[in-house]
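The values are calculated or read from the model by the stated rules, or taken from the named source; none is laboratory data. Small disclaimer: the values here were computed from a predicted structure and weren't measured. So basically every Cβ, Gly included, is an ideal-geometry build from the backbone, and we count neighbours across all protein chains shown.
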Amino acid sequence: MLEDKNQSRTSLEQLGEFGLINHITKHFKASNKSTVKAVGDDAAVLEKTDKQTIITTDLLVEGVHFDLSYVPLKHLGYKSVVVNLSDVYAMNAQAEQITVSIAVSNRFPLEAIEELYAGIQLACETYHIDLIGGDTTSSTKGMLISITAIGKADKEEIIYRNGAKETDLIVVTGDLGAAYLGLQVLEREKQVFKVNPNNQPDLDNYTYLIERQLKPEARKDISSLLKDMDVQPTAMIDISDGLSSEIMHICSQSNVGCKIYEDKIPLDPQVISTCEEFDIDSTMVALSGGEDYELLFTVSIADFEKIKGNPNLSIVGHINNKAAGLNLVTRAGQELELKAQGWNALENK
């Protein structure tokens with residue numbers, strides 16, 4: 001739940017906007033050379049370099065993107081940063097700075113905002129990111145969080161979505177589907193709690209799934225891994241909306257088709273067992289679940305020997321010509337058309 005009713009509550013009105021900003025940012029330290037001035041002035045100052053700048057923004061809304069009945073505020077702060085950094089890493093770039101803006105209703109005391117920013121600070125320290133600015137304001141609809149991430153990369157190293165070529169291999173990092181199942185477990189326990197508030201959930205069998213939902217990690221490591229392997233992806237995207245939606249983005253922008261092989265999709269054993277428990281198809285979960293924040297990329301078939309057998313990477317298919325379409329090859333050898341059934345932020349709930 002949001003906070004313990006026995007804890008002290010400090011109204012945000014007592015501090016005022018500038019007092020709140022000073023209070024929640026006083027422990028943040030800048031660590032990147034390109035950050036000349038972080039928080040504390042009219043604007044941040046960044047050092048111009050010979051690299052290209054990457055910028056991405058996400059907006060998270062209570063009741064649409066997160067549910068505070070089971071999402072701890074510290075986890076929310078951490079995840080809000082990570083999902084933005086994932087987009088930077090998907091460009092084969094290094095993230096360096098973020099801005100954070102929040103709008104909160106008067107039901108949130110100072111202590112709740114401190115928890116949120118403790119998660120943001122932990123993410124900054126973990127990924128060596130500088131908080132350089134943002135804004136705070138009031139809201140009549142709960143909590144809204146807007147984060148902008150800034151990164152840099154050499155021009156020739158940036159990877160776009162539009163470079164996939166016929167015969168390229170399709171590769172994913174890590175495993176897929178766990179975050180979606182973690183959400184299903186949390187939603188189930190929320191319904192149980194509504195019926196019986198004294199019920200204590202037993203989540204021991206779902207620890208990996210819940211961690212992937214509440215505290216995902218962005219794949220900062222993949223850029224250097226590929227560089228060490230002397231592999232340059234031809235196209236790349238992060239898996240926020242499900243494997244199916246993401247490969248469709250790459251194929252659309254690269255003007256190609258693809259084949260994904262069902263038996264090559266990486267699944268954690270906890271995903272397989274929980275899919276059986278919930279009577280959900282594990283392939284559907286991997287294709288459409290979303291929020292995995294792994295990376296999906298294509299590489300030349302000439303790089304096969306370099307990447308095969310790497311425990312961080314799975315080759316799940318290959319790129320075809322556009323006329324061949326976008327298809328899933330089932331374990332039985334049947335070809336089915338891939339469909340985008342992942343998260344749609346504009347869908348009426």
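General observations
- Test for GLU217: is it under 30 Å from ALA118 (Cα atoms), assigned to a helix (DSSP H, G or I) and within 24 Å of the chain's Cα centre (by Cα): no
- From SER244, SER273, SER252, SER224, residue being touching a helix residue (DSSP H, G or I) at 6+ places or on another chain (Cβ under 7 Å) and in a helix (DSSP H, G or I): SER244
- Residue match in segment 138-149 (condition: under 19 Å from GLU211 (Cβ atoms) and of a type outside the set (A, V, I, L, M, F, W, C)): no
- Test: THR136 is among the polar types (S, T, N, Q), outside the structural domain of THR274 (by TED's automatic domain parsing) and within 30 Å of LYS48 (Cβ to Cβ): yes
- Residues that are within 28 Å of ILE120 (Cα to Cα) and part of a strand (DSSP E or B) within segment 143-190 comprise LEU144, ILE145, SER146, ILE147, THR148, ALA149, ILE150, GLY151, LYS152, ALA153, VAL172, THR173, listed in sequence order.
- Residues in segment 111-153 that are out of contact with any Phe, Trp or Tyr (no Cβ under 7 Å at 6 or more places or on another chain) and among the small types (Gly, Ala, Ser): ALA112, ALA118, GLY133, GLY134, SER138, SER139, GLY142, SER146, ALA149, GLY151, ALA153.
- In this structure, LYS194 does not satisfy being under 26 Å from SER314 (Cα atoms) and surrounded by fewer than 20 Cβ atoms within 10 Å (Cβ to Cβ).
- Search result, residues across segment 276-315 that are part of a helix (DSSP H, G or I) and among the hydroxyl-bearing types (Ser, Thr, Tyr): SER282, THR283, SER288
- Selection count, segment 264-307, where residues are surrounded by 22 or more Cβ atoms within 10 Å (Cβ to Cβ) and free of Cβ contacts under 8 Å to residues at least 24 places away in the same chain: 0
- Of all residues in segment 100-133 being of a type in the set (Ser, Thr, Tyr) and either more than 28 Å from ILE222 (Cα to Cα) or not assigned by TED's automatic domain parsing to the domain that holds GLY77 (or both), the one that is surrounded by the fewest Cβ atoms within 10 Å (Cβ to Cβ): SER105
- Residue list for segment 254-270, restricted to those being within 10 Å of ALA178 (Cβ to Cβ) and acidic (Asp, Glu): ASP268
- Condition met for SER252 (surrounded by fewer than 17 Cβ atoms within 10 Å (Cβ to Cβ) and of a type in the set (S, T, N, Q)): yes
So that you can scan it fast, the table gives a plain yes or no per residue for (1) touching a strand residue (DSSP E or B) at 6+ places or on another chain (Cβ under 8 Å); (2) aliphatic (A, V, I, L, M):
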site	(1), (2)
ILE158	yes, yes
VAL172	yes, yes
VAL185	no, yes
PRO197	no, no
THR234	yes, no
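- Listed by first and then second residue, the pairs linking a residue in segment 201-228 that is polar (S, T, N, Q) to a residue that is assigned to a loop (DSSP other than H, G, I, E, B), with Cβ atoms under 8 Å apart and 6 or more places separating them unless they lie on different chains, are GLN213/GLU291; SER223/ASN92; SER223/ALA93.
- Which listed residue, of ASP87, ASP58, is within 18 Å of the chain's Cα centre (by Cα), under 24 Å from THR173 (Cβ atoms) and part of a strand (DSSP E or B): ASP58
- Test set (1) closer than 24 Å to ASN255 by Cβ; (2) at pLDDT below 95 - THR140 fails condition number: (1)
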